[in-house]
Amino acid sequence: MAILQTSYGSNPAPLPPGSIINGETSNRITRTCEDANGIAFGKAVFRGALSSGVTASVGDGTGFLGIAIATSSQSAWLDGTADAYERYQSVPILAEGVIHVETSAAVAKGDPAYSTPDGALTNAGGDNFLLTGATFDSNGTGVVALRLSQVGE
């Protein structure tokens with residue numbers, strides 16, 4: 001039998017944005033996507049206009065519900081052709097726990113998380129919106145861990 005792998009790095013490669021990192025205590029909710037362009041996996045989501053709606057639009061920065069979870073129930077997630085929920089689909093949201101997100105800024109473990117007006121995640125304040133209860137849980141740029149203390153409703 002062929003040997004498939006003979007060496008291992010000290011840290012496993014991160015999963016795609018929206019992937020839940022571990023099995024520690026978490027809270028998950030589901031809402032309906034209101035955005036015409038959909039909501040990408042691993043994006044911060046906020047209360048929408050509908051009673052059970054959700055949007056990735058930051059608006060005034062209030063109503064942060066959590067991070068959109070990537071799920072294999074999304075028809076083409078595994079082959080990489082789908083990376084967002086379409087309008088009116090149910091969006092699973094992580095409100096508490098640890099999840100992979102993407103950031104273009106260099107972040108450090110413990111830094112507070114902010115959303116820019118265009119929805120990017122960063123550790124810089126300024127004109128960005130603080131995601132209450134969210135802190136980065138790893139160091140780096142690109143796909144990193146984000147820890148959510150109970151947020152949302």
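Looking at region 125-133, is at least one residue more than 14 Å from the chain's Cα centre (by Cα), part of a loop (DSSP other than H, G, I, E, B) and in contact (Cβ under 8 Å) with a residue 24 or more places away in the chain?
no
Which strands (runs of 3 or more DSSP E) sit wholly inside region 1-67 and have at least 2 residues that are among the charged types (D, E, K, R) and at pLDDT below 95?
none
Take Gly119 and tell me if it is assigned to a loop (DSSP other than H, G, I, E, B) and touching a residue at least 24 places away in the same chain (Cβ under 8 Å).
yes
When the residues of region 29-48 are filtered to those that are over 15 Å from the mean Cα position of the chain (by Cα) and among the small types (Gly, Ala, Ser), which remaining residue is farthest from Ile99 (Cα to Cα)?
Residue satisfying both the conditions and the ranking: Ala36.
Looking at region 14-47 only, could you name the residues that are under 19 Å from Gln150 (Cα atoms) and small (Gly, Ala, Ser)?
Scanning region 14-47 gives Gly18, Ser19, Gly23, Ser26, Gly42, Ala44.
Only residues that are loosely packed, with under 10 Cβ neighbours inside 10 Å, in contact (Cβ under 8 Å) with a residue 12 or more places away in the chain and not hydrophobic (A, V, I, L, M, F, W, C): list them for region 23-55, please.
The answer is Thr25, and nothing else.
Among the listed residues Ser26, Ser7, Ser19, Ser51, which satisfies the condition of being more than 14 Å from Tyr85 (Cβ to Cβ), of a type outside the set (Asp, Glu) and within 12 Å of the chain's Cα centre (by Cα)?
Ser19
Can you tell me which of (1) modelled with pLDDT under 90; (2) crowded, with 20+ Cβ neighbours inside 10 Å is the one Ala120 doesn't meet?
Checking Ala120 against (1) modelled with pLDDT under 90; (2) crowded, with 20+ Cβ neighbours inside 10 Å, the one that fails is (2).
The values are calculated or read from the model by the stated rules, or taken from the named source; none is laboratory data. What you see is a predicted model; the values in this text were computed from it and never measured. As a convention, Cβ positions derive from the backbone with ideal geometry for all residues, glycine included, and neighbour counts pool all protein chains shown.
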